[in-house]
Amino acid sequence: MNGFAMNDLNNSILTLILLVPLAGALLVVLAPERGKLPNWIALATTLVTFGLSLHLPAHFIPTQAGFQFEVIRPWIESPAIFYHLGVDGLSLWLVVLVGLLAPVGVMASWNAITERRKLFFALFLVQQTAMLGVFLSLDLILYYGFWELSLVPMAILIAMYGRKDGPKAALKFFLFTFIPSAPLLVAILWLYARTGSFDFATLRILINSGNLPAYQMGWVALAFLFAFAVKVPVFPLHGWLADTFSEAPVALAMVVAGKLGLYSMLRFHIGLFPMQTRAVAPVMVGLAVVGVLYGACLALVQRDFWRLMAFAALSHLSLITLGIYGLTLTGWEGAVYQILNHGVVDGALFLLLGLLYDRYATSQINAYGGLAAKLPRTATLFVFASLGLIGLPILGGFIGEFLILLGTFTGVSKGWAIAATLGVILGAAYMLSLVMRLFYGPESKLAASRPPEDLRLGQMAVLAPLAVLMFVMGVAPMLWLPTIEAGAHPPSVVNTSGFSQIHPPGAKAPDHNAALSARLKSCPLTKLGISADCNAIANSINGEVQR
Amino acid sequence: VNPVSDIFRVLPELVLTLTGVAVMLLDAAFPPRWARRPLGWVAAIGTTLALWASLGQLALPMGTGFSGTVETSAFTVFFHVLICGLVLVALLLSLDTLPEESQHQGEFYALIVFGAVGMCLLTGAVELLLVFIALEISSIATYVLVGYRKDTVRGPEAAIKYFLLGSFATAFLLYGIALIFGATGTTQIYEIARLAPTAQNHALILAGLGLMLVGILFKVSAAPFHVWTPDVYEGAPTPVVALISTAPKAAAFALLLRVAYEMLPGLRPVWSPLLWVVAVLSMTVGNLAALRQTNVKRMLAYSSIAHAGYLLAAFAGLDSTGIMAACFYIAAYAAMNVGIFAVVTLASGYDEKLPVIDDFRGLIYRSPLLGSLLIFFLASLVGIPFTGGFMGKLISFSTALSGGAIWLVILGLLNSGLAAAYYLRLALAAARRPILEGKETLAPPQVAPRVGAAVIAALAMAVLATLVLGIIPGDTLRAAEAGAHTLKAPPVESSTFGNAVEPPTQP
């Protein structure tokens, strides 16, 4: 009986992960706005979601190729859209990361959000569902749905809870990310018109069979890349980032950049278009290195710590982009690892800066100074997280950055690797200078004017685990890397037919290929609605593999 | 002739007519001091019955009645249900928002119901003269409704503008009908479809089609026949705008589908590029003009022009998928548009104290329900997934793309990105704090809008429809598809016209 129950849970866990935050949002809306009731409901919901997301790594089989915990249900018959979810090594830990950052976000908003709590937490939870949906969806329309849906709560929350001029930042953020997704939708629809499928796995096979016109495919791939590059953001497309970071509530600023775009690049740009990727990869590598240096240089001269964090994020995210478009296995492992680490570290830094801002009501770095003596716990944790961001060995940042730079050095070009390393060194300069100006030096008037109020128990309860996690990520990367490796198939090791030849040790490679070719046979081009059959076959094969 | 079956074929129209007559008679019979509000409930109940009757028509075998002039099929039922639903929402909305002391309230409700008769008839008519009559019934009712606020300057102006331009457009339509009659010798749509490919005078048919298109595109407010829209929407009472921006357009689109796909499918090489141009023009003109508006109703008027463009994109689709996509888009558009006008009615009041976007500032603080709903409907108009607006655009553009119109789709989606800017302006105004320190407040006095049971029902219907069309569109799509399949001219023998019941074309 227990086995059956576990099977049921494995089959429905992804749906549950998506539905729990939505249910929480509904509960927040229906519950009365009394005291901190919305906060408590949101906290409970996010903790439950996090707990559910931990089920995934606990029952994930790293040696098994393909997606796990898959769910496929027809959603709409014509056009053939499926409710298709699944995780692999790429998305697994990202789902857990979103789950982890959600309660952190709730705690960061605990005292910062003082009015319209119901609306805030309801939208915050909808945002969770949208982000989790992006990582879990394997049907392009479903994916696009969650991708777009994630914009709405974000824009409303920035507009309503922004610091100075929220609506303007929200407009900028929304248009910057919404307009590029128009070409993305055109590209998705074009693929559908040619292949009759929105299914990720089916499309990957059909695209790489080489039967689609190469010229148009170049544009399609570019449309995908453009939408993702704005969202990351990649160097010349980062116009929205600084304003959004300055205005967004802390809980949202820590998730707005990076993850979604980077994951989408890995899965839906490189994953679907390996051949087209190879053509743009050198450009992307160049832009990424420029982004690393440009972001770091701008971060050095910022006077406002939100803007400093924005350009620091640009620099770090560009480094991850470098790892991704280096198209080496090492680089990919480092990139995914660094996405995780960056999420944790940025979460902690934003939380701490948010607390400072709530207390002193300014983000001008010059106004601070000498806080370390008054707020020792804040200072210690901030220094710790900064070191994590810089990439100090024994903390998580080191592993990720090292792997990315190693992959670039050996697999791409020594020159780019050296230039990117320079950016990392600059990173140490601006972060340490931020720490110095905020916490050390003579005590500023502002710091003297307020009674010292260090981290409370609840805040420590959030930050301490994050700090421990940074440390564990630094010393025991093997807890994560095998799973990531299972999902990472950079296209440089992909043969012409598009099937990955590298399989993790022990993977049932022949089975996997048999499954793929069975799907391929049952999917003649342009035959509408056929993906239902493909999915049914794939499903049965996956079922067998799981048994 | 079998009269019983004929009557069943116009049952919804019959129910609506009787309701309208009943409302007028009751209005006359009521003493002047009695409130006219119950008449609105009579009209609402009658409309509900008509909706139910339309659903009942699904049981009838597909075919025509009254000597081949009125058709019942899955297609007509789809539009009947849609139009009756929209009229119902508009009635419920008016019930709570029309001021108690306003004059001629009984006639107001009666006119809405009579307009519905014309719109329903328009979707079922397969005889061009009946088409013309149905169009006139619906138009005359809406002309009067638009000018209902006689005490304002804008009301009568809007009504006269609408009436004059509308009459021109109808004249174009009639002229087109005459030319097609001249070429084929008949006004029955199936017959025209049969005769047109072999007709001697091809130029006459082309001219007829062109003139008819002008008339119909005016009614759906597609560019370049759109200039009346913002003025009329601005002058008309908002509950009326909720109606006229949706139901008559749905009926006119049904006619367009009938003319294009059923009457002259052979002229696809002619009308398809024409509608391509009109679609792109409508989107672009609508969105660019909307960007510059400060008045909410004018902005939404231009937005509805743009949406007519997105809808026309579906006409680039191949036969039945194109029809299906257009039907679905009409439903999705109607649900969200009637919803947003309902919210605007409540937020700015019947006498429109707050017409400008800046007046909506802080709406979500004044009334969390209305503010959230405004943002919800705007999100649907933008095309955010899991709302009807997204699904409609997805299906419309997906169809156009499989029909080969790649540039139409690219332009359309770029347009919808552009459109986000002005929808967002309104949404952000609603989300903005009502008072800004140091500056004079733009926020209006703390008006708590009156939200009664009828309005709640209307809003709930619109929200539900928008969500259902966005999340579980399967049933609606199947209904639209069934309708699309019936919109192929069935082979009709002229001798057995009217009394023969054709077997349904759909297996």
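The values are calculated or read from the model by the stated rules, or taken from the named source; none is laboratory data. Nothing here was measured: the structure is a model prediction, and the numbers come from that model. Every residue, glycine as well, gets a Cβ built from its backbone with ideal geometry; the counts of neighbours run over all protein chains shown. Only protein heavy atoms, including side chains, enter the accessible area calculation; ligands, DNA and RNA are left aside. Shrake-Rupley method; radii C 1.70, N 1.55, O 1.52, S 1.80 Å.
Things to note:
- Cα convex hull of the range B:449-489 - mean projected area over all directions, nm²: 4.3 nm²
- Per residue of B:392-402, other chain Cβ atoms within 10 Å of the residue Cβ number 5 on average.
- Calculated P(r) of the protein assembly as shown - Cα pairs past 38 Å, %: 51 percent
- The convex hull defined by the C-alpha atoms of chain B has an orientation-averaged projected area of 22.5 nm².
- Rolling a 1.4 angstrom probe over the protein heavy atoms with all chains in place gives the range B:282-327 an accessible area of 22 Å² per residue.
- Legend: mean number of C-beta atoms from other chains within 10 angstrom of residue C-beta atoms, peptide B:373-385, equals 3.
- Computed over protein heavy atoms with a 1.4 angstrom probe, the accessible surface ordering of B:TRP34, A:TRP416, largest first, is B:TRP34, A:TRP416.
- The range A:26-105: Cα Rg divided by the 2.2 N^0.38 Å rule of thumb: 1.43
- Size of the range A:359-488 as Cα extents on the principal axes (Å, biggest first): 54, 33, 21
- Shown for the range A:83-208: the carbon plus sulfur share of the solvent-accessible area, taken with all protein chains present and a 1.4 angstrom probe, equals 62%.
- Ratio of Rg to Rh over chain A (Cα coordinates, Kirkwood Rh, two decimals): 0.96
- A viscosity of 1.002 mPa s and a temperature of 20 °C, combined with the Kirkwood radius over C-alpha pairs in the Stokes-Einstein formula, give the range B:358-442 a diffusion coefficient of 149 µm²/s.
- Take each residue in A:361-374, count the other chain C-beta atoms within 10 Å of its C-beta, and the mean is 0.
- The range A:181-308 - percent relative contact order, Cα under 8 Å, separation 6 or more: 29 percent
- The ratio of the alpha-carbon radius of gyration of the range B:223-352 to the globular-protein estimate 2.2 N^0.38 Å is 1.09.
- Percent of alpha-carbon pairs separated by more than 17 Å within the range A:405-465: 67 percent
- Remark on the range B:342-364: accessible area falls by at least 20 square angstrom from chain-alone to full-complex state for B:ILE364, probe 1.4 angstrom.
- Within the accessible area of the range B:52-153, the carbon and sulfur atoms contribute 71%, probe 1.4 Å, all protein chains present.
- Per residue, the Cα convex hull of the range A:31-78 amounts to 119 Å³.
- Ranking A:PHE120, A:PHE402 from most to least accessible surface, computed with a 1.4 Å probe over the protein chains only, gives A:PHE402, A:PHE120.
- Extent of the range B:138-177 along its three principal axes (Cα atoms, max minus min coordinate, largest first): 38, 16, 6 Å.
- In the context of the full protein assembly, A:GLU77 retains an accessible surface of approximately 120 Å², using a probe radius of 1.4 Å and ignoring ligands and nucleic acids.
- Amide H contacts of A:ILE81: A:TRP75, A:ILE76, each under 5 Å away and 5 or more positions distant or on a separate chain (H built 1.01 Å from N in the peptide plane; Pro and chain starts excluded).
- Entries of A:LYS164/A:LYS445; A:LYS168/A:LYS445; B:LYS249/B:LYS297; A:LYS231/A:LYS374; A:LYS164/A:LYS231 with Cα pairs more than 27 Å apart: A:LYS168/A:LYS445; A:LYS231/A:LYS374
- Normalised by the number of residues in the range A:344-425, the average gap of Cα pairs under 8 Å and 6 or more apart makes the relative contact order 21 percent.
- Net charge of neighbours whose Cβ lies under 13 Å from the Cβ of A:ALA221, counting Lys and Arg as +1 and Asp and Glu as -1: +2
- Taking a ≥ b ≥ c as the square roots of the eigenvalues of the Cα gyration tensor, the range B:208-264 is classed as oblate, since a/c reaches at least 1.5 and a/b does not exceed b/c.
- Based on the reciprocal of the average 1/r between different C-alpha atoms, the Kirkwood radius for the range A:278-434 equals 15.8 Å.
- Whole-Hz Karplus values for the range B:36-45 come out as 8, 4, x, 4, x, 5, 4, 4, 5, 5 Hz, taken residue by residue from phi with 6.51 cos²θ - 1.76 cosθ + 1.60 and θ = phi - 60°; glycine and proline positions read x.
- Computed 3J(HN,Hα) for the range B:350-360, one whole-Hz value per residue from the Karplus formula 6.51 cos²θ - 1.76 cosθ + 1.60 where θ = phi - 60°, is 5, 8, 6, 6, 10, x, 9, 4, 5, 5, 7, glycine and proline marked x.
- A/B buried area, accessible surface, summed, 1.4 Å probe, Å²: 3200 Å²
- Apolar share of the accessible surface for the range A:375-456: 75 percent from carbon plus sulfur atoms, 1.4 Å probe.
- For the range B:306-404: rounded, prolate or oblate by the Cα gyration tensor [a/c cutoff 1.5]: prolate
- Over the C-alpha trace of the range A:86-228, radius of gyration and Dmax come out as 17.9, 57 angstrom.
- Sequence-distant residues sharing a close amide H with B:GLU127 (under 5 Å, placed H): B:ILE189
- Cα-based equivalent ellipsoid, the range B:47-94: semi-axes from gyration tensor eigenvalues, Å: 24, 10, 8
- Relative contact order [Cα under 8 Å, 6+ residues apart], chain B, whole percent: 18 percent
- Per the Kirkwood formula applied to alpha carbons, the range B:10-166 shows a radius of gyration over Rh ratio, Rg over Rh, of 1.00.
- Per-residue ³J(HN,Hα) for the range A:225-232, Karplus 6.51 cos²θ - 1.76 cosθ + 1.60, θ = phi - 60°, Hz, x for Gly and Pro: 4, 4, 4, 6, 5, 5, 6, 4
- Using a probe of 1.4 Å, the accessible surface attributed to B:SER304 totals some 0 Å² when neighbouring protein chains are kept in position.
- Gyration tensor verdict on the range A:116-168 (Cα atoms; rounded if a/c is under 1.5, prolate if a/b is larger than b/c, oblate otherwise): prolate
- Entry note, chain B: the mean residue ellipticity at 222 nm calculated from DSSP H runs of n ≥ 4, each adding -39500 (n - 2.57), is -23500 deg cm²/dmol after division by the residues and rounding to the nearest 500.
- Compactness relative to 2.2 N^0.38 Å, alpha carbon Rg of the range A:136-190: 1.30
- Per-residue packing, averaged as other Cβ atoms within 10 Å, sorts the ranges B:122-133, B:212-223, A:205-216, A:460-471 into the order B:212-223, B:122-133, A:460-471, A:205-216, beginning with the highest.
- Going from the isolated chain to the complete set of protein chains, the range A:52-85 loses at least 40 Å² of heavy-atom accessible area (1.4 Å probe) at A:TRP75, A:ILE76, A:GLU77, A:SER78, A:PRO79.
- With all projection directions averaged, the alpha carbon convex hull of the range B:153-286 covers 8.0 nm².
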